[in-house]
Amino acid sequence: MKEQVREADIVCRSGGEEFLIFLGGSSISYFYDIAERIRTSIIEQADNALYSAKRNGRNRTEMFEPALI
């Protein structure tokens with residue numbers, strides 16, 4: 001999530017699976033763009049972990065690990 005916002009923006013966990021992002025001094029369209037970037041990024045990461053678990057067998061926990069560049 002932090003990779004999707006500006007350095008001055010604040011990303012924090014509010015509890016459980018809930019997060020807050022404070023985006024100061026921007027337009028509604030900027031807010032929407034950030035939300036979409038985060039949503040698609042997280043869905044892609046979840047999909048990658050799911051497919052990895054399917055490849056490696058059933059009844060297992062799989063964590064997403066970004067590729068090192």
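We did not get these values from a lab; they are worked out from the coordinates using the rules stated. Predicted model only: the values in this text are computed from it and were never measured. Because the Cβ atoms are built from the backbone with ideal geometry, glycine has one as well, and the counts that use them run over all protein chains shown.
Under the criterion of Cα pairs below 8 Å and six or more residues apart, the relative contact order for the chain equals 20 percent. Once the chain from SER52 to MET1 is taken as fully extended at 0.36 nm per residue, the excess over their C-alpha distance is 16.2 nm. About its Cα centre, the chain has a charge dipole of approximately 320 debye under the convention of +1 per Lys or Arg Cβ and -1 per Asp or Glu Cβ, with nothing else charged. Relative to the dominant Cα principal axis of the chain, helix 28-56 is inclined by about 10°. Largest first, the extents of the alpha carbon coordinates of the chain on the three principal axes equal 47, 27, 21 Å. Between CYS12 and ALA35, the simple spin-label model (points 7 angstrom out along Cα→Cβ) gives 2.1 nm.
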